[in-house]
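Here the structure is laid out as structure tokens; the discussion comes afterwards.
The values are calculated or read from the model by the stated rules, or taken from the named source; none is laboratory data. Predicted, not measured: the structure shown is a model, and the values here were computed from it. As a convention, Cβ positions derive from the backbone with ideal geometry for all residues, glycine included, and neighbour counts pool all protein chains shown.
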Amino acid sequence: MNAELTSAMIRRSSAIDGASSSSNRELVGVCLLTNLHRASDAVSVCVEALVHESIRQHLYRRECANGAFCDLGDEGRYRSPWSGNRIPLHSIIDASLVWYGILGLWCQLAQTVASDAEAAAARQRVAEILFGFAFVRETIEAPRFPRASVAPGIIELIGHMARVGGAVTPSSDARGTIGAFMRASEQGAWSEDLRSVLRQMRESWRDPPAR
């Protein structure tokens, strides 16, 4: 993380509701953390935000070295599977790659929870991220999504990562949400199961994304 993120600026703003983080591809290595004092768990929010923005900086550096992952001039807006908001093409691409990294972070954090409350928070966060991945493939395969404006290797990589959305869900005849399924997992075994899935997916990815 230190190699990617050189500066984190902290501010308070009444114009933004709640805690958030952001960065700009024109200022690689710098991120902005806003209203951390409003977070119910400032430590977890800050850790996730720093990892989130560090991954973004890595992506920006890759793009500076090898070319943009997608057409940065695309004027369309596409539904984010995580926030539900309509966001630019480059933001959808970044989000898919960043949230996969954040999923790995929470799988690691789940190994060190010190209370039932921390375990529940980790389960909830992972369930929210997995829920988004359950709809990523639908997003990038939608008729109006400009697949031709995205590097083929990036499309392939996102499709590969989207598999995690169904990797820990119940069988087709089971009922309930991803969160309920995870809560039913004995003594937090879901975290190791998911870590194993992520490891298998990493090992099965043939090559880094190509232009």
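Things worth noting here:
- Options Cys70, Cys46; residue that is under 26 Å from Arg202 (Cα atoms) and either within 12 Å of the chain's Cα centre (by Cα) or surrounded by 12 or more Cβ atoms within 10 Å (Cβ to Cβ) (or both): Cys70
- Hey, Asp71 modelled with pLDDT of 95 or more and either over 19 Å from Gly165 (Cα atoms) or among the small types (Gly, Ala, Ser) (or both) or not: yes
- All positions within region 28-54 that are in contact with a Phe, Trp or Tyr (Cβ under 9 Å, 6 or more places away or on another chain) and of a type outside the set (Gly, Ala, Ser): Val28, Glu48, His52
- Trp99 vs. criteria within 25 Å of Glu141 (Cα to Cα), outside any helix (DSSP H, G or I) and in the same structural domain as His160 (by TED's automatic domain parsing): no
- Test result for Ser22, surrounded by fewer than 16 Cβ atoms within 10 Å (Cβ to Cβ), part of a strand (DSSP E or B) and either small (Gly, Ala, Ser) or in the same structural domain as Ala117 (by TED's automatic domain parsing) (or both): yes
- Residue satisfying condition, being over 19 Å from the mean Cα position of the chain (by Cα) and either in the same structural domain as Ile55 (by TED's automatic domain parsing) or assigned to a helix (DSSP H, G or I) (or both), within set Ala162, Ala110, Ala142, Ala119: Ala119
- With respect to the stated conditions, Ala127 fails to be outside any loop (DSSP other than H, G, I, E, B) and either in contact with a Leu (Cβ under 8 Å, 6 or more places away or on another chain) or over 21 Å from Met201 (Cα atoms) (or both).
- When residues of region 129-160 are limited to those that are among the basic types (Lys, Arg) and in contact (Cβ under 8 Å) with a residue 24 or more places away in the chain, the one surrounded by the fewest Cβ atoms within 10 Å (Cβ to Cβ): Arg144
- Here region 106-128 is the region considered, the condition is being of a type in the set (A, V, I, L, M) and under 16 Å from Cys46 (Cβ atoms), and the residue that is surrounded by the most Cβ atoms within 10 Å (Cβ to Cβ) is Ala122.
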